[in-house]
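The values are calculated or read from the model by the stated rules, or taken from the named source; none is laboratory data. Note that the coordinates shown come from a computational prediction; the quantities given were computed from them, not determined experimentally. Note: ideal-geometry Cβ built from the backbone for every residue, glycine included; neighbour counts use all protein chains shown. In case anyone asks, the SASA skips ligands and DNA or RNA and just uses the protein heavy atoms, side chains included. Shrake-Rupley method; radii C 1.70, N 1.55, O 1.52, S 1.80 Å.
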Amino acid sequence: MKNFFLHNREAALAVIVVALALLIGLRAPVFLTPGNLLDVLTDSSILAILVMGQMVVLLTKGIDLSVASNLALTGMFCAVMGKAFPTLNAVDLVAMALIFGALLGLINGLLITGFNLPPIVVTLGTMSAYRGAIFLLSKGAWINDQDIHPAIKGLPRMVFLGLPGLVWFAIVTLLLCWWFFRYRRAGREMYAIGGNLSAAAYIGIPIKRRLLQVYTMSGALAGLAGLLWVGRYSIAFTELAAGFEMTVIASCVIGGVSTAGGIGNVMGALLGVLFTGVINGALPVIHISPFWQQAISGFVILVAVIVNARSERRAGKQILPPKGAAAASSNNHRAQLQGSKS
């Protein structure tokens, strides 16, 4: 059993998620009804999109604390633009959210690479700056349901093949990220940067360019999540999604994405999202007091993070190959990178 948890992290986490859902179902059978499970899946979709962006950052041994503020600022920007320009369509709004969010992420990347600053310091600063920008953009006012552009509200609520649009956005995001990390040279280089920065620089990986891409991708996905959040809940205000960045990071770590860089995959991150979604969806169903829900949810996530960290520490991570294989490994890796498409 110990080896199973060490070497089959995703399978073990999947078993835990299913067992947890079944135990909750025994206590409250309504939790396992198709309608409620679809609600849990829908509620987890925005988190899944944000987790994909945060995973990219964590793989390079960075962190982005500004994702929730980016989400809120981009959501407010799209709401304001939708109110001012009623002729905008859904494609325009999605493109606007991706571009605006990407620009906010690029600011993080430029500050980190341009001034060689720690990511946690930069993103902590932009987290506050973006919150202040929301207040300036909205002049402190809320944008409510009657002022939200119909296309913004329609995006997450449209239904295709029985699934809401919000779920489809998450599915497409997950598939694109899986493809990127598996088949694109840039994706593999991001793993290399987080695994061993010095070695990555030695074999010619463009560190600064990749870090700029990392934070731009994180920002773009946060921007998309902001548009979908405003559409789902039909409201935009300064404190939108305040503190949500902690849930995003916790879901990543639960899913096996290492904060030390170089470790993690899309499937594990998705399971981390589902674990968080099941916990958050179950507490109201089993009639836990709202005053206790956040505390219990935080405690469960904390325990899962500690268990995951201990498991990772026991498993260890080999940075250098065995002495006899060092030269061969270096040559093989160099050949793979040169033979891959940019």
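Select from segment 82-103 the residues that are open to solvent by less than 60 Å² (accessible area, probe 1.4 Å) and under 19 Å from ARG209 (Cβ atoms) and list them in ascending order.
ALA102, the sole residue that qualifies.
If I filter segment 246-256 for residues that are over 30 Å from ASP145 (Cβ atoms) and open to solvent by 40 Å² or more (accessible area, probe 1.4 Å), do I get at least one hit?
First, pick out the residues of segment 246-256 that are over 30 Å from ASP145 (Cβ atoms): 249-250, 252-256.
Narrowing the set further to residues that are open to solvent by 40 Å² or more (accessible area, probe 1.4 Å) leaves none.
No - not one qualifying residue is present in segment 246-256.
Any idea which of (1) under 25 Å from PRO118 (Cα atoms); (2) in a loop (DSSP other than H, G, I, E, B); (3) open to solvent by 20 Å² or more (accessible area, probe 1.4 Å) is the one GLY261 doesn't satisfy?
The one condition GLY261 does not meet is (3).
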